[in-house]
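**Q** First the structure, which I've put down as structure tokens, then a few questions once you've had a look.
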Amino acid sequence: MKKGIIFSIEEFGINDGPGIRTVIFLKGCPLRCVWCHNPESISFEPQYLEKKSGRSLCGYSVDATELAQKMLKNKIIFEMGNGGVTLSGGEPLAQPGFTAEFLEQVAPVHRVVETSGMAPASVFREIVGLTDLTLIDVKQMNPEKHRQYTGASNRQILENIGWLCASGKPFVARIPLIPGVNDDDENLQAIQAMFKGVPSLQRIELMPYNKFAGAKYPMLGREYNPPFDLQSLHVTTDIFKNNNINAIVL
């Protein structure tokens, strides 16, 4: 039995896959995005958050089988709401054994995984093969800018996205729009070119930057000093709609 580290379970989610869902957030991420909205998700280890109400532990160990059995008890509720279970993070593929075992055992509940695609090809393909829908984050197509703003190359990510596009497995592409980082027409045009004509792409979801993203950093004893103008966000779906790609703003 595989154990994993999670930091939150949210019920009645409506933005992380179809229908009404339970969203399970796994701890640990290989990227270091300068705009990270959930800094408590970066470390793989449990850690304390210093809140006004007092100190609280963020992160705890769970057994994949036990968690799957807990979710299966809500199978009828998921079916009534046309929903299911979504694994998010952090990065679920960074805990591959736990994620795979959970997805195998929670079937036939509808399964969604949200991932950055930052994982070895073998892990990415195994996990996608166990899902009913993949939510793939796309941040920056330019390799240098991707490394600058996330701390890592996007080579493996783009390779995995290429495989996903060719696999026929249904997926949704999600773009976190960060002002001055990836909301320019050049980057968005490169993204639409990559997805143009891919039949298994259900839609593109644009997620505008949350100006309150830095609120959690002081709880971890960290400062939030993003290297971009918080007020200059550019949001448009025209680039995608002009190429017959369904794009929405969340």
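**Q** Given the conditions (1) surrounded by fewer than 19 Cβ atoms within 10 Å (Cβ to Cβ); (2) without any contact (Cβ under 8 Å) to a residue 60 or more places away in the chain; (3) assigned to a helix (DSSP H, G or I), and given that G97 satisfies all but one, which numbered condition is not satisfied?
**A** (2) is the only condition that G97 fails.
**Q** Pick out the one residue from T86, T134 that is touching a strand residue (DSSP E or B) at 6+ places or on another chain (Cβ under 6 Å), without any contact (Cβ under 8 Å) to a residue 60 or more places away in the chain, part of a strand (DSSP E or B) and under 29 Å from N182 (Cα atoms).
**A** T134
**Q** Counting only residues that are without any contact (Cβ under 8 Å) to a residue 40 or more places away in the chain and out of contact with any strand residue (DSSP E or B) (no Cβ under 9 Å at 6 or more places or on another chain), how many does the stretch 101-120 have?
**A** 4
**Q** Let me ask another. Condition first: part of a loop (DSSP other than H, G, I, E, B), of a type in the set (S, T, N, Q) and surrounded by fewer than 16 Cβ atoms within 10 Å (Cβ to Cβ). Can you find one or more residues in the stretch 8-28 that meet it?
**A** yes
**Q** Also, quick follow-up: Residues R155, R111: which one is closer than 22 Å to A166 by Cα, over 17 Å from the mean Cα position of the chain (by Cα) and not polar (S, T, N, Q)?
**A** Of the residues listed, the single one that is closer than 22 Å to A166 by Cα, over 17 Å from the mean Cα position of the chain (by Cα) and not polar (S, T, N, Q) is R155.
**Q** Then there is this: Given the conditions (1) surrounded by fewer than 18 Cβ atoms within 10 Å (Cβ to Cβ); (2) in contact with a helix residue (DSSP H, G or I) (Cβ under 7 Å, 6 or more places away or on another chain); (3) not in a loop (DSSP other than H, G, I, E, B), and given that A215 satisfies all but one, which numbered condition is not satisfied?
**A** Result: A215 fails condition (2) only.
**Q** Follow-up. Return the residue satisfying two criteria in turn: it lies in the stretch 190-208 and is in contact with a helix residue (DSSP H, G or I) (Cβ under 6 Å, 6 or more places away or on another chain) and not in a loop (DSSP other than H, G, I, E, B), and of such residues it is farthest from S232 (Cα to Cα).
**A** L201
The numbers here are math on the coordinates, done by the rules we state, and not lab data. In this text, all values refer to a predicted model and were calculated from it rather than measured experimentally. Here Cβ is always computed from backbone atoms with ideal geometry, including for glycine, and neighbour counts include all displayed protein chains.
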